[in-house]
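Beneath this line is the structure, given in C-alpha cells, with notes to follow.
Values in this text are rule-based calculations from the coordinates and carry no lab data. These numbers come from a predicted model, not from an experiment. For neighbour counting, all protein chains shown are included, and Cβ atoms are generated from backbone atoms with ideal geometry for every residue, glycine included.
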Amino acid sequence: MSAETLFGKDLPLELEIGSGKARFLLAEAERNPGRLYLGLEIVEEYVLLARKKAERLGLANVRFESVDGKAFVLGRLPEGSLSGLHVFFPDPWPKVRHARRRLFDAAFAAGAARALAPGSPFRAASDDPPTWALIERTLDAEPGFVRDVAAPDWSSGTDYEAKWERAGKPIGKAIWRRR
Ligand SMILES: C[S@@+](CC[C@H](N)C(=O)[O-])C[C@H]1O[C@@H](n2cnc3c(N)ncnc32)[C@H](O)[C@@H]1O
C-alpha cells in the first residue's frame with residue numbers, strides 16, 4: 001500500500017507499529033506537514049481515540065488503522081515505500097509459548113529493510129531488557145540495516161517512555177538506517 005493509495009498524495013510516508021495513544025505520531029504529523037504518517041494499532045479503542053485527536057488538531061497527514069503491523073510490513077508495502085519506521089515499547093510476550101507473537105524476528109527485520117527507502121530510519125525503544133536484547137540482535141543481524149551510532153539523543157515522547165522514565169527504569173533506544 002503506497003502513500004498515494006492511503007492519502008491520495010505522493011509524499012514521504014512514515015509508519016508506527018503499536019501507536020497506542022498516538023502521542024509520537026500526532027506530534028510528528030503536526031511538526032512535519034510535508035510528510036505522511038500511518039499508525040497501526042491492534043486495539044480498536046486506541047485507534048478511535050487517535051483519530052479523534054487528529055481531527056481535533058485538524059491534521060490531514062496522519063491516519064490510524066486497526067491492523068496487525070507485522071502482517072502489514074510483511075505483505076502490504078511496496079519495496080522502498082517507507083521513509084521511516086517506528087516501534088516503541090513493543091509488547092514483550094515473555095512466555096516461551098507466546099514467542100511467535102513477538103514483533104521482532106528475522107522475517108520482520110528483512111521485511112522492514114525491504115519496505116524502507118535507502119537511508120531511512122528504523123527507530124526502536126524498549127524498557128524490557130530481554131525485548132531490547134531481541135531488538136538489537138535482530139536488527140544488527142539484518143544486512144539491510146546499519147546502526148546509526150552518531151544519532152543524537154532522542155525521545156519518542158510516548159506514554160510508555162514517560163511512564164518508565166518517571167519510574168527511573170533504564171530504557172534501550174537506538175536508530176538503524178536502511179543501507
Ligand atoms: C506497550 S504498548 C506501547 C504503546 C506506545 N508505543 C507507547 O510507547 O506508549 C504496545 C502497543 O502495541 C500494540 N500492538 C501490539 N502488537 C501489535 C501489532 N502486531 N500491530 C499493531 N499494534 C500492536 C498494543 O496494542 C499496544 O498498544
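Quick look at the numbers
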read-out: Pair list, Cβ < 9 Å and 6+ apart or interchain, from region 91-107 residues that are at positive phi to residues that are within 13 Å of the ligand (Cβ to nearest atom); value: Trp93/Arg100; Trp93/Arg101; Trp93/Arg102; Trp93/Leu103; Trp93/Thr131
read-out: Residue within region 4-21 that is among the charged types (D, E, K, R) and part of a helix (DSSP H, G or I) present; value: yes
read-out: Selection within region 56-98 - assigned to a helix (DSSP H, G or I) and of a type outside the set (Phe, Trp, Tyr); value: Arg56, Leu57, Gly69, Lys70, Ala71, Val73, Leu74, Gly75, Val96, Arg97, His98
read-out: Output for region 59-101, where each listed residue is touching a helix residue (DSSP H, G or I) at 6+ places or on another chain (Cβ under 7 Å), within 25 Å of Pro129 (Cα to Cα) and basic (Lys, Arg); value: Lys70
read-out: Total residues in region 23-40, condition outside any helix (DSSP H, G or I) and out of contact with any Gly (no Cβ under 6 Å at 6 or more places or on another chain); value: 8
read-out: Of all residues in region 120-154 being part of a loop (DSSP other than H, G, I, E, B) and within 11 Å of the ligand (Cβ to nearest atom), the one that is nearest to Leu26 (Cα to Cα); value: Asp127
read-out: Neighbours by Cβ (under 9 Å, 6+ apart or cross-chain): first from region 60-76, under 16 Å from Leu49 (Cα atoms) and of a type outside the set (Ser, Thr, Tyr); second part of a helix (DSSP H, G or I) and within 8 Å of the ligand (Cβ to nearest atom); value: Phe64/Tyr46; Glu65/Phe72
read-out: Tally of residues being more than 22 Å from Pro12 (Cβ to Cβ), charged (D, E, K, R) and not in a loop (DSSP other than H, G, I, E, B) across region 155-179; value: 6
read-out: When residues of region 1-29 are limited to those that are over 17 Å from Leu85 (Cβ atoms) and of a type in the set (Asp, Glu), the one surrounded by the most Cβ atoms within 10 Å (Cβ to Cβ); value: Glu4
read-out: In region 79-98, the residues that are surrounded by 12 or more Cβ atoms within 10 Å (Cβ to Cβ) and not aromatic (Phe, Trp, Tyr); value: Gly80, Ser81, Leu82, Ser83, Gly84, Leu85, His86, Val87, Pro90, Asp91, Pro92
read-out: Residue tally, condition crowded, with 16+ Cβ neighbours inside 10 Å and either in contact (Cβ under 8 Å) with a residue 40 or more places away in the chain or in contact with a Cys (Cβ under 6 Å, 6 or more places away or on another chain) (or both), over region 144-163; value: 4
read-out: Residue in region 48-55 that is of a type in the set (A, V, I, L, M) and closer than 20 Å to Glu161 by Cα present; value: yes
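Conditions tested, residue by residue: (1) away from the ligand (no atom under 13 Å from the Cβ); (2) more than 15 Å from the chain's Cα centre (by Cα); (3) surrounded by 14 or more Cβ atoms within 10 Å (Cβ to Cβ); (4) not acidic (Asp, Glu).
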| position | (1), (2), (3), (4) |
| --- | --- |
| Arg31 | yes, yes, no, yes |
| Glu44 | no, yes, no, no |
| Leu57 | yes, yes, no, yes |
| Lys70 | no, no, yes, yes |
